[in-house]
Amino acid sequence: MSTPRLLHMTAPMREDFDVPYHEFGTAGEGPSVALVAGIHGNELNGIFVLSRLAAFLRQVEKGERPDARLLGRVVVIPAVNVLGVNTRRRRWPFDGTDINRMFPGYDAGETTQRIASALLSATA
């Protein structure tokens, strides 16, 4: 099973990278919820919790947890600021921008504006 990507990015002086996310359940069949962490690269607790939640929801979808079932759609994005997490920096490492301040974003704008736009589109 491949993990879909929210966004594919290029960066100077390193390989390309993706911002992955997980989607469980079916849109339109009940309520939807989106859970997001890692907008600040130095806040690791949410990344850990959402990664564990994604693993659990994957088991539910596969039928490995017969006591649980999904009644709607769940979007889990454990780490938005992938490069910030890699370097343990709160802000976007290249220009010091806080992704949290870029919403609603702009799909043709600066890097952090594109990330905010993609995130907003995926969770709407």
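The values are calculated or read from the model by the stated rules, or taken from the named source; none is laboratory data. If you're wondering where the values come from, they're calculated on a predicted model, not measured in any experiment. Every residue, glycine as well, gets a Cβ built from its backbone with ideal geometry; the counts of neighbours run over all protein chains shown. When the accessible area is computed, the model is the full protein with side chains, heavy atoms only, and any ligands, DNA or RNA have been set aside. Shrake-Rupley method; radii C 1.70, N 1.55, O 1.52, S 1.80 Å.
Quick grid of which residues meet (1) closer than 14 Å to Thr123 by Cα; (2) touching a residue at least 24 places away in the same chain (Cβ under 8 Å); (3) open to solvent by less than 30 Å² (accessible area, probe 1.4 Å):
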| site | (1), (2), (3) |
| --- | --- |
| Met13 | no, no, no |
| Tyr21 | yes, yes, no |
| Glu29 | no, yes, no |
| Leu35 | yes, yes, no |
| Glu43 | no, yes, no |
| Leu50 | no, yes, yes |
| Leu53 | no, no, no |
| Val74 | yes, yes, yes |
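Criterion applied to Leu50, Leu83, Leu119 was being more than 15 Å from Thr3 (Cβ to Cβ), part of a helix (DSSP H, G or I) and under 10 Å from the mean Cα position of the chain (by Cα), and the one residue passing it is Leu119. All of (1) farther than 22 Å from Thr3 by Cα; (2) within 17 Å of the chain's Cα centre (by Cα); (3) touching a residue at least 24 places away in the same chain (Cβ under 8 Å); (4) assigned to a loop (DSSP other than H, G, I, E, B) hold for Asn100 with one exception: (4).
Filtering Arg58, Arg69, Arg89 for residues that are at pLDDT below 90 and over 15 Å from Leu6 (Cβ atoms) leaves a single hit, Arg69.
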